[in-house]
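Let me begin by presenting the structure, written as structure tokens, before commenting on it.
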């Protein structure tokens, strides 16, 4: 049955995959984006109803939710999550939205050193009190993280994760779960789903799989938090993100990001992508610069 669905953050990592998948399945998808750039143009070309708006602007969000059956809400690691969540809850209530799929994170909890992770936990509670059924998703680290932290020219993953473990999950696999819930939200109402990829690995094992997929040596180099902070700030990361990543690095060492389950397959309908397959599909992102 065709549904009217809203994807908030449709040009983002999970939102883009979700929008494309829902369109392929024949749904009417309204894609809320902050700016009309090339990513938005691509979604429009696929058939999405692309609208520019901001979740921090209640009026624009209220317009975006008009006539919508269910929505997906994702917010980046930056200030404003609480205001955005309250606006989503209010706009959904005003327009009779029947379900919300909320992207949280595996480290979301009441007592955490990460300001962003604590805000995600509070945001979950805000949505729980709204009169719209909600499903929370708590993924571990995205496989995309390997691209974001790739050090061009060195073949090194310099990260402060010691010998901690997680099962990297691809955005495309999360999109399958998101789409399935948006299509039939009732069985998932009130649920919180931790999401994991195909296999739990430490970063030594991840580097070995990257080496195989890229046919070149990749080495994991464990570093301390102060070096990691310097790397992040050198890349221009805002302090809100730096504080979060330093705190979750400790969480990672302590096993908060570890675990596996079969939810991607049981809800999304197919086995999750493994690390080697993800690297192979995104090999261009790991190509070394030419002189």
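In segment 29-42, is there at least one residue being touching a helix residue (DSSP H, G or I) at 6+ places or on another chain (Cβ under 8 Å), within 14 Å of residue 178 (Cα to Cα) and touching a residue at least 12 places away in the same chain (Cβ under 8 Å)?
yes
Determine if segment 240-250 includes at least one residue that is buried (at least 18 other Cβ atoms within 10 Å of the Cβ), touching a strand residue (DSSP E or B) at 6+ places or on another chain (Cβ under 9 Å) and modelled with pLDDT of 95 or more.
Yes, some residue in segment 240-250 is buried (at least 18 other Cβ atoms within 10 Å of the Cβ), touching a strand residue (DSSP E or B) at 6+ places or on another chain (Cβ under 9 Å) and modelled with pLDDT of 95 or more.
Considering segment 25-54 alone, what residues qualify as being under 29 Å from residue 269 (Cβ atoms) and assigned to a loop (DSSP other than H, G, I, E, B)?
Hits for segment 25-54 are 25, 26, 27, 47, 48.
Does segment 149-162 contain at least one residue that is modelled with pLDDT of 95 or more and closer than 23 Å to residue 268 by Cα?
Within segment 149-162, none of the residues are modelled with pLDDT of 95 or more and closer than 23 Å to residue 268 by Cα.
When you scan segment 206-291 for helices (runs of 4 or more DSSP H) that lie fully inside it, which ones turn up with 2 or more residues that are more than 21 Å from residue 77 (Cβ to Cβ) and within 19 Å of the chain's Cα centre (by Cα)?
263-268, 275-281
So which residues in segment 55-74 are closer than 13 Å to residue 34 by Cα and surrounded by fewer than 21 Cβ atoms within 10 Å (Cβ to Cβ), if there are any at all?
Hits for segment 55-74 are 56, 57, 60.
So which residues in segment 179-205 are outside any loop (DSSP other than H, G, I, E, B), under 23 Å from residue 25 (Cβ atoms) and free of Cβ contacts under 8 Å to residues at least 40 places away in the same chain, if there are any at all?
Across segment 179-205, the qualifying residue is only 187.
Take residues that are in contact (Cβ under 8 Å) with a residue 12 or more places away in the chain and crowded, with 20+ Cβ neighbours inside 10 Å and tell me which of the helices (runs of 4 or more DSSP H) falling wholly in segment 75-166 contain 2 or more.
In segment 75-166, the matching helices (runs of 4 or more DSSP H) lie at 81-94, 115-128.
Kindly indicate whether any position in segment 144-157 is closer than 26 Å to residue 189 by Cα and touching a helix residue (DSSP H, G or I) at 6+ places or on another chain (Cβ under 7 Å).
No: segment 144-157 contains no residue that is closer than 26 Å to residue 189 by Cα and touching a helix residue (DSSP H, G or I) at 6+ places or on another chain (Cβ under 7 Å).
Test residue 8 against the stated conditions and say whether it is within 24 Å of residue 117 (Cβ to Cβ), crowded, with 16+ Cβ neighbours inside 10 Å and out of contact with any strand residue (DSSP E or B) (no Cβ under 8 Å at 6 or more places or on another chain).
no
Go through the residues of segment 58-74 one by one and say whether even a single one is under 20 Å from the mean Cα position of the chain (by Cα), within 24 Å of residue 238 (Cα to Cα) and assigned to a loop (DSSP other than H, G, I, E, B).
Yes, that holds for at least one residue.
Every residue in segment 195-213 that is in contact with a strand residue (DSSP E or B) (Cβ under 8 Å, 6 or more places away or on another chain) and under 16 Å from residue 164 (Cβ atoms), please.
Answer for segment 195-213, where residues must be in contact with a strand residue (DSSP E or B) (Cβ under 8 Å, 6 or more places away or on another chain) and under 16 Å from residue 164 (Cβ atoms): 196, 197, 200, 201, 202, 203, 204, 206, 207.
What number of residues in segment 253-266 are closer than 19 Å to residue 174 by Cβ and in contact (Cβ under 8 Å) with a residue 40 or more places away in the chain?
8
The values are calculated or read from the model by the stated rules, or taken from the named source; none is laboratory data. Being a predicted model, the structure only gives us computed values, none of them experimental. Here the Cβ is made from the backbone with ideal geometry for all residues, glycine too, and neighbour counts use every protein chain on show.
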